[in-house]
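The values are calculated or read from the model by the stated rules, or taken from the named source; none is laboratory data. For clarity, every value in this text was computed on a predicted model and none was experimentally measured. Backbone-built Cβ (ideal geometry, glycine too); neighbour counts: all protein chains shown. Quick note on the areas: whole protein, heavy atoms, side chains included, nothing else; ligands and nucleic acids left out. Shrake-Rupley method; radii C 1.70, N 1.55, O 1.52, S 1.80 Å.
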Amino acid sequence: MPNLGDVFPNFEADTTIGPIKFHDFLGDSWGILFSHPADYTPVCTTELGEVAKLLPEFANRNVKVIAVSCDDVESHKGWIGDIKAYKKLEAFEYPIISDPRRELAIQLGMLDPVDKDKAGMPVTARAVFIVGPDKKLKLSLLYPATTGRNFVEIIRVIDSLQLTAYKKVATPANWTQGEKCMVLPSVSKEDAEKLPGYEATAVPSGKNYMRLADQPK
Ligand code: BEZ
């Protein structure tokens, strides 16, 4: 599995919109690649439908979305019909990668150690990779096949990744857009005190590290 900060593999794959090379698919955008155990499975159906509904939220953040499931394109195309019907979607406007031989799942370290398909082959776990416009891995998550992901949380995380990529702040527990941010330990006391909305909380150690400021514009 790629480590944070690694250039994400520029893999080639067949998808429901034709063959892609991952870096070309991303262009100058951020990207999210999320994996699924198999087509025509219930949890995956809810997840792919949820992402289709949230697509404008990803687009507003300049994030391109792509999914992978270890079945082929023909199977994906049939399954998309079910996803649209189940979630009452007009359109399904992001690609699904075909990975019937688990080549991508193996390359990216996404195989589930427990769940197998009907032929006894290991399926892909629920991985999430978020890649920056520099093509480097910014975040990875790995869930077992039996736990569906919270894509509202993933959008929250993208907001934090994008904010902290450009501003000298970190986001605290449960932070959402517009809330105060933590001032980085590397920012001097003098500079921190000039920040809008600056507030520091004294702690028993006497170390002055619990410092908040308004979210930078
Ligand atoms: C599902 O998507 O529902 C699923 C797939 C594999 C194992 C368990 C659940």
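Has region 201-212 got any residue that is of a type in the set (Lys, Arg) and either free of Cβ contacts under 8 Å to residues at least 40 places away in the same chain or within 16 Å of the ligand (Cβ to nearest atom) (or both)?
Among the residues of region 201-212, at least one is of a type in the set (Lys, Arg) and either free of Cβ contacts under 8 Å to residues at least 40 places away in the same chain or within 16 Å of the ligand (Cβ to nearest atom) (or both), which makes the answer yes.
Since His76 meets every condition but one in (1) within 21 Å of Phe22 (Cβ to Cβ); (2) surrounded by fewer than 21 Cβ atoms within 10 Å (Cβ to Cβ); (3) not aliphatic (A, V, I, L, M), which condition does it not meet?
Unmet condition: (2).
Within region 131-142, does at least one residue satisfy the condition of being among the hydroxyl-bearing types (Ser, Thr, Tyr), open to solvent by 20 Å² or more (accessible area, probe 1.4 Å) and more than 24 Å from Leu54 (Cβ to Cβ)?
no
So is Ile106 of a type in the set (Val, Ile, Thr) and modelled with pLDDT of 95 or more or not?
no
Being farther than 24 Å from Glu153 by Cα, within 16 Å of the ligand (Cβ to nearest atom) and assigned to a helix (DSSP H, G or I) is the filter here, so list the residues in region 1-59 that pass it.
none
Out of the strands (runs of 3 or more DSSP E) lying entirely within region 67-170, which hold 2 or more residues that are more than 12 Å from the ligand (Cβ to nearest atom)?
Once the strands (runs of 3 or more DSSP E) in region 67-170 are filtered for at least 2 residues that are more than 12 Å from the ligand (Cβ to nearest atom), what remains is 96-98, 111-116, 126-131, 137-143.
Testing Lys180 on (1) among the basic types (Lys, Arg); (2) open to solvent by less than 30 Å² (accessible area, probe 1.4 Å); (3) farther than 25 Å from Glu47 by Cβ, one condition comes back false. Which one is that?
(2)
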